[in-house]
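The values are calculated or read from the model by the stated rules, or taken from the named source; none is laboratory data. The shown structure was predicted, so the numbers you read here are calculated from the model rather than taken from an experiment. Here the Cβ positions follow ideal geometry from the backbone for every residue, glycine too, while neighbour counts run over all protein chains shown.
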Amino acid sequence: MTSRSLNINILSPMMRFIKKSTFSSMLLFFSAALALILANSPAHGYIQWFLNQNIGFTIGGFSVEKSILLWINDGLMSIFFFVIGLELKREIICGELSVPKNVLMPIVAAIGGMAFPALIYLAFTSGGSVDALRGWGIPMATDIAFALGVLYLLGPRVPIQLKVFLTALAIIDDLGAVLVVALFYTSEISMVNLSIGALILGLMFTLNKIGVRRVLIYSILGIGGVWLATLLSGVHATIAAVLAAFVIPADRKINKKKYLFNIDQLAAKFKEANKARDEKYLLSSEEENIIGEIKRISKASISPLQRLERSMHGLVVYIVMPVFALANAGVVLDSNWMEMISSPIAMGVCFGLVFGKIIGIYGLSTLGLKLKWFSMPEGLNASMLLGISCLAAIGFTMSLFINALAFTNPVYVEQAKMGVLLASLVSGIAGYLILKRAVNKKEITSFPQINKAAEDLKPIQK
């Protein structure tokens, strides 16, 4: 044993997700602020010109050509939705969503947090045009990265159960948003292309069942087959990304018991091969072969789903989401900005997010607790639930994404952006203040014996 101790930081998939999301929220906030600054600078015209440039490819008589903005929203965001699909599948199989008692309260909260914002939006825009009514899906979404980022600002005092509840709520919310996009925000559908995509998806499912584990095969079929066919069908391509994620294999070639046995055998061989060699020399061919075999069986002991989720999450939080924010979060603030904020669409989005989430999440959760549908997660209380409801009103990424699909009128797009940004700012600050007070109060009341002992010491200290 050397003087150095082996320090392995083992985190669950949920905790790795939370850790990365807290940092990415800062990057996402910077990207949104930069987009707002650039939109109101002389660079705005050049940026819009660049985003509207068409690029594509041609193979024989087949060609696809879209603007850079649409490649970001349809292409890069498909990567975002693919990772969401992987996280959903993993959570359903073996995570928080696999235990009924853990999932019932987040499901009820998520349903309420989607339904009430949509209803409030429709109430504000009921006298408007049909195009204005199409924005009802915008206030339904929650931005998990921003919400967890606010929790991160509160430090380690935040109960882990609170972070897990918010993450489970947001994941279910994302699933709802995917369904909304699939059912209500699609253009004319080409059944031929949709059928081709379905056939290739069926092939991927079959390969999964017969034991094919090569990620490259699934990548080619998923991107060149399912995603492209769906893109051409008129159904939004991000839906294909979620469906493709659900047919990625979640089982392993080598189970845990066999892996441990093989590792023990290889470790013994490596120790034997290393006996006659000084530490300063390079590895022998035998030692290299043993390490190579350890790497091979280690890779085979991790499912393709987990490998993809781990490797792609950084791409999503550090590149995809910031680029999307830069391209979509900019709002031109001119002399009519007050008129934009007070428009039915902006008010519907803003009030829908802020009050709709509170009524839906806090209200339905409280009702469910009173009716004993479920019990409050350990470590949480009513104040924390209210704070989480506010944080869930930070829509941002998903709200801006649906906003880009909902309207044909560019004025409505800008008004909705104003509503999203205002709601995210207000709810983020409110959620932070409520949770800070709730966490501080919990720390004081959680240790009554210590508090009493401290009070008893005061006269002695005097």
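Please work out if THR397 is of a type in the set (Ser, Thr, Tyr), surrounded by fewer than 12 Cβ atoms within 10 Å (Cβ to Cβ), modelled with pLDDT under 90 and in the same structural domain as GLY75 (by TED's automatic domain parsing).
no
Filter segment 158-167 down to the residues that are modelled with pLDDT under 80 and either among the aliphatic types (A, V, I, L, M) or at positive phi (or both) and list them by number.
VAL158, ILE160, VAL164
Where in segment 354-442 are there helices (runs of 4 or more DSSP H), lying fully within it, with 1 or more residues that are more than 21 Å from the chain's Cα centre (by Cα) and farther than 23 Å from HIS236 by Cβ?
364-370, 382-391
Could you identify the single residue in VAL323, VAL332 that is exposed (fewer than 15 other Cβ atoms within 10 Å of the Cβ), modelled with pLDDT under 85 and either assigned by TED's automatic domain parsing to the domain that holds PHE29 or farther than 30 Å from PHE261 by Cα (or both)?
When all the criteria are applied, what remains is VAL332.
Under 9 Å between Cβ atoms, at least 6 apart or on separate chains: pull out the pairs that start in segment 402-430 with a residue that is among the β-branched types (Val, Ile, Thr) and end on any residue that is not in a helix (DSSP H, G or I).
Cβ pairs passing all conditions: ILE402/ALA141; ILE402/TYR185; ILE402/GLY395; VAL411/SER343; VAL413/PHE407; VAL420/ALA329; VAL420/GLY395; VAL426/ALA393.
Looking at segment 102-153, which of the residues that are free of Cβ contacts under 8 Å to residues at least 12 places away in the same chain and not polar (S, T, N, Q) is nearest to PHE184 (Cα to Cα)?
If we take residues in segment 102-153 being free of Cβ contacts under 8 Å to residues at least 12 places away in the same chain and not polar (S, T, N, Q), then LEU133 is nearest to PHE184 (Cα to Cα).
Return the pair list, or none, for Cβ contacts closer than 8 Å from residues in segment 231-253 that are within 13 Å of GLY85 (Cα to Cα) to residues that are assigned to a loop (DSSP other than H, G, I, E, B), at least 6 apart or on different chains.
PRO249/VAL212; PRO249/ARG213; PRO249/SER303; ALA250/SER303
So which of ILE291, ILE248 is within 30 Å of ASP74 (Cα to Cα) and out of contact with any Cys (no Cβ under 9 Å at 6 or more places or on another chain)?
Of ILE291, ILE248, the one residue that is within 30 Å of ASP74 (Cα to Cα) and out of contact with any Cys (no Cβ under 9 Å at 6 or more places or on another chain) is ILE248.
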